[in-house]
1. Among the residues of the range 20-34, are any under 24 Å from residue 77 (Cα atoms), touching a residue at least 24 places away in the same chain (Cβ under 8 Å) and open to solvent by less than 50 Å² (accessible area, probe 1.4 Å)?
2. Could you say which residue among 118, 92, 97 is at pLDDT 95 or above, closer than 11 Å to residue 50 by Cα, within 15 Å of the chain's Cα centre (by Cα) and surrounded by 12 or more Cβ atoms within 10 Å (Cβ to Cβ)?
3. On the basis of being buried (at least 18 other Cβ atoms within 10 Å of the Cβ), modelled with pLDDT under 95 and more than 12 Å from the chain's Cα centre (by Cα), does residue 87 make the cut?
4. Can you name the number of the only condition in (1) modelled with pLDDT under 95; (2) under 12 Å from the mean Cα position of the chain (by Cα) that residue 75 fails?
Amino acid sequence: MQLRDYQRACLDAILKSYRRGRRRVLVSLPTGTGKTVIFSRFPDFFGMKRRLLVLAHREELLEQAAAKFRAADPQASVAIEQAARRAAGERVVVASVPSLRGARLKALDPSGFYLVVVDEAHHATADSYRAIFEHLGLFDPGTPR
């Protein structure tokens, strides 16, 4: 899957922000321009040694994200964490926010994740998302994520 020029520019801008020490970056693009395609490139683009967590609130978004990761890299280690489906060490975890509660959330090792992506970020202020962020330490001062 070939990136469009503006998608490559988006990745470059994210990397530039990261190198400046910014750890919370919002990508805003119009519908249909490939935000999912962009974040499907994160593991290789950033040379990630640890896992990537993608959070979404609907099954359709989970399936779409997993498919884009597999299209970007057919050998990609991708799992969906939702209902009866469980991730077991895959490099990319696409997780259902409603499924990440209680013991299931506690089972996620915060130190195992390098990046967290929130698909449809306008939902990120909800208590369900905040509980996940707190568990992962994203509100801790000096967090590397």
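1. Looking for residues that are under 24 Å from residue 77 (Cα atoms), touching a residue at least 24 places away in the same chain (Cβ under 8 Å) and open to solvent by less than 50 Å² (accessible area, probe 1.4 Å), one finds at least one in the range 20-34, hence yes.
2. Numbers: 118 fails: closer than 11 Å to residue 50 by Cα; 97 fails: closer than 11 Å to residue 50 by Cα.
Only one candidate passes the filter, namely 92.
3. Values: buried (at least 18 other Cβ atoms within 10 Å of the Cβ): yes; modelled with pLDDT under 95: yes; more than 12 Å from the chain's Cα centre (by Cα): yes.
For residue 87, the condition - buried (at least 18 other Cβ atoms within 10 Å of the Cβ), modelled with pLDDT under 95 and more than 12 Å from the chain's Cα centre (by Cα) - is met.
4. (2)
The values are calculated or read from the model by the stated rules, or taken from the named source; none is laboratory data. Worth saying up front: this structure is predicted, and the values here are computed from it rather than measured. Counting neighbours? That spans all protein chains shown, and the Cβs are built from the backbone with ideal geometry, glycine included. Only protein heavy atoms, including side chains, enter the accessible area calculation; ligands, DNA and RNA are left aside. Shrake-Rupley method; radii C 1.70, N 1.55, O 1.52, S 1.80 Å.
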